[in-house]
1. In the stretch 39-61, how many residues are farther than 21 Å from residue 77 by Cα, in a loop (DSSP other than H, G, I, E, B) and out of contact with any strand residue (DSSP E or B) (no Cβ under 8 Å at 6 or more places or on another chain)?
2. Among residues belonging to the stretch 62-79 that are touching a helix residue (DSSP H, G or I) at 6+ places or on another chain (Cβ under 9 Å) and part of a loop (DSSP other than H, G, I, E, B), point out the one that is surrounded by the fewest Cβ atoms within 10 Å (Cβ to Cβ).
3. In the stretch 34-61, what residues are under 12 Å from residue 84 (Cα atoms) and out of contact with any helix residue (DSSP H, G or I) (no Cβ under 7 Å at 6 or more places or on another chain)?
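Derivation of every value follows stated rules applied to the coordinates shown; laboratory data play no part. Quantities reported herein were computed from a predicted structural model and do not represent experimental measurements. Because the Cβ atoms are built from the backbone with ideal geometry, glycine has one as well, and the counts that use them run over all protein chains shown.
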């Protein structure tokens, strides 16, 4: 997916409400957590390292790896670091 397509998808994804698992650290910064890991185990607090535009889910590094391995999700655009909504 080219950068323009990613930006268009990002605009679209920002128009949806995304439920975020988050906490604030001691400095007031928001920490986001992996949604698939939290779905499997509600006590799981794996930190988010990416965001899948198509799935509108926050992903940890392991789930990003699995997302890229899976035939149905490997072409999904994943935003990283400062791009994460």
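1. Final tally of qualifying residues: 3.
2. 74
3. 48, 51
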